[in-house]
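We did not get these values from a lab; they are worked out from the coordinates using the rules stated. None of these values were measured; they are calculated from a predicted model. Note that each Cβ is placed from the backbone with ideal geometry, even for glycine, and that neighbours are counted across all protein chains shown.
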């Protein structure tokens, strides 16, 4: 027998083992990192799309509520009477103001309304903005200049006391109109006469009272300064009885702050007698887009935001950076655009609306009527992941943009990369050491071990292995391979048989009882005070026969795997299952029936069934019934084991599941009473076939959760 030359072989084997292990670890790390990157990116994009769609819906619903409210006001007989009487009284006013009174009104304009515009370089004076009509100047003198209340409280004056027909009508209707404004959440409310086009009434008594509603104010070289005419112009394009919304404008009476107007025609019979116009502050749009600045509630974390962009490519709602820290926003604005004058104007009017440009692929796509999801550079030069889409608002080209800094979206990926590097730094030295030791061990001569290995392969397991000498490596390998194959085959057969037994028991028994039955227990009784039964009926799974047999089996296995994961997640125990019908219990061996866990499990199961169906290109639906009360469970039989559950809740749950609509959860009173105020529970309903003493209610999901996540 020739001696083995182990020095060279040991070196080569060491390098081979270390190299293979190193390449495997590096490849595995690279694959994990790549897949994690794709998964995180898709997850963030999906979240942004969901938030975007939610904000668009909130914006459209908010606009619908405003337009509906203004339309309702316009049809109110009290508003019709107010406009008619105030317009008639306004027409009778013919008292001219003295030059001193006109100068006084102009000075009020200069002091209260125009400083932001003068500071921005707009060539405008109070004298230019005075009403053109005698009546308009007169009502401003009575209700603005001679008003004993301050700027913010001029609406508290009901009667100017001049004895005019106008003041009498004003004293009659002003309290009612002021209350309408406050109840609607508007900044001001106006009445415009159809014949003269004059603003014959306003609640807040600013310098728009008595002006021409269609044209006032006219300011050269500053097109975004407009008045209520921006809304009146839209009325010609809407049906009778509907309201119209204007785009945002800089409004002089609000000291330059951007506002939006909503208007509706006021009719007396078939005749249009005028219009009612309401002023909506930008803060109302902000509230719709930010959920009251609760960014984390929307899922936007520390850097995400949602805002509206108009057709001219500028903001219509305020950005998160501005809302959180105005000074920081202005510094970033100047750094990005090198436009100190515009930054000063933003600070002066107190808003970036109509002044902050937003020009990137997300905005272009949305304003063009398309949806967008991808990486862009935002309005302050920050790289973000953005989702955008147009908002369907009549007469306006508005789009909603939702974005989040890529630095935040990739934070989880960076953490994973750091973890991989740390693991590699620990593993590589260990791999090298282990490889060297393995090579040393495998190449050590083992003549006596060859004979011992042969005896072991023959079944002589009590063989004593003497001190190893120098042996033929080939013989060692062949003999050990034979031993390994035999031991591996036997061990695998034992493991397979054990797993087969466990699988059969798991199919018939809850997991907590499998070990007890394996230990020899065959009559197990578990009596519990209360539990919640959850019955789930799944529809749409293809039949097990014919060409669909393999597909049906694969779908069934997938659904059962997902069900097992949900059971672990919510602490639920399975009673019985099949591909289309499943029964579970929650709250066994607990202080209460765990109805909240059961409801959460039910909604998760409905969502999972739909998702699994989508993966297989199928439309699966689930219907769920829940009932809580006393139950008893146990294992019966010796030769053939079975698991049973007794009590009213299982039967009631199965009945409710059969009555539920696809995707719906029905629960009896014992469940809905325990769910409490954290759940959205529908009204009491009667269902044919349900016992008279069982009241079923619809559980719509946890309160506050987006519909798509229930």
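Listing 157, 437, 209, 656 from fewest to most neighbouring C-beta atoms within 10 Å gives 437, 157, 209, 656. Here is the size of the range 82-144 from its Cα atoms: Rg then Dmax, 13.7, 41 Å.
By the beta-carbon count within 10 Å of each Cβ, the least crowded to most crowded order of 226, 558, 69, fewest first, is 558, 69, 226.
Each peptide in 649-655, 372-378, 295-301 receives the mean, over its residues, of other Cβ atoms within 10 Å, and ordering these scores from highest gives 649-655, 372-378, 295-301. Counting only Cα atoms, the size of the range 76-284 along its three principal axes is 46, 39, 28 Å, in decreasing order. Across the range 303-410, counting alpha-carbon atoms alone, Rg and Dmax equal 13.4, 39 Å. Judged by the mean number of other Cβ atoms found within 10 Å, the most tightly packed of the peptides 380-393, 96-109 leads the ranking 380-393, 96-109.
Stokes-Einstein diffusion for the range 149-240 at 10 °C, viscosity 1.306 mPa s, with a Kirkwood radius from C-alpha pairs, works out to 109 µm²/s. Cβ crowding within 10 Å, taken as a proxy for footprinting-reagent exposure, orders 24, 246, 317, 164 from fewest neighbours to most as 24, 164, 246, 317.
Rounded to the nearest 0.05, what FRET efficiency is calculated for residue 60 and residue 437 with R0 set to 60 Å and r the Cβ-Cβ distance?
On the way: r = 69 Å, r/R0 = 1.15.
E(calc), rounded to 0.05, equals 0.30.
With each label modelled as a point 7 angstrom along the Cα→C-beta vector, the residue 96-residue 375 pair spans 7.2 nm.
In percent, how large is the relative contact order of the range 76-284, given Cα pairs closer than 8 Å and 6 or more residues apart? The partial results should precede the final answer.
On the way: 380 pairs, mean separation 43.1, N = 209.
So the answer I get is 21 percent.
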